[in-house]
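Notes follow once the structure below has been shown.
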Amino acid sequence: MGLKRRNKVSAEFSMSSLTDIIFLLLIFFILTSTLVSPNALNLKLPSSSATTVAPSSIPVSITRKGEWYVDGRKLSSSGKLSSAVRQRIKQEGKSRKDITLTIVAERGVPIENVVKVMDLALSLRVNAILATDPAK
């Protein structure tokens, strides 16, 4: 009497390897999120080792003495910055997405002045970049 054994294929799925992978991903994201601190300001301006060169449409310069320049023209006060930049944007004749406001701040300029220009760029919906010197 020859009885045949029936080989049944198990339809089970092993979850242990999947839980290990999820646990490792969780540890990775926890560690990397603690290393990134978006609110920290480590300001050692204006030197940089970056080599990115962006096209500049409107340069805004700020000196340590509190002098403001838009496209090389001296402004009598920082209050006239907004009107001077708006006038310069109209002269460009480009779409606001294509206009870049370059902030050229001398070393030692109060950060409030730089933030003022960045807020102006945000309110006018133009791009803003900070110009730096190459690191030595």
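Read-outs: derived from the displayed coordinates by stated rules, not from any lab. On a predicted model such as this, the values are computed, not experimentally measured, just so you know. Every residue, glycine as well, gets a Cβ built from its backbone with ideal geometry; the counts of neighbours run over all protein chains shown.
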Order these peptides, 16-22, 68-74, 89-95, by their mean beta-carbon neighbour count within 10 angstrom, highest first.
68-74, 89-95, 16-22
Calculated FRET efficiency for the pair THR63/ARG86, C-beta based, R₀ 25 Å, to 0.05
0.70
If the chain between SER76 and LEU130 were fully extended at 0.36 nm per residue, the gain over the current Cα-Cα distance would be 17.2 nm
Do you know the relative contact order of region 47-134, to the nearest whole percent, from alpha carbon pairs under 8 angstrom that are 6+ apart?
35 percent
Taking square-rooted eigenvalues a ≥ b ≥ c of the alpha carbon gyration tensor, is region 47-134 rounded, prolate or oblate, where a/c under 1.5 means rounded and, failing that, a/b exceeding b/c means prolate?
oblate
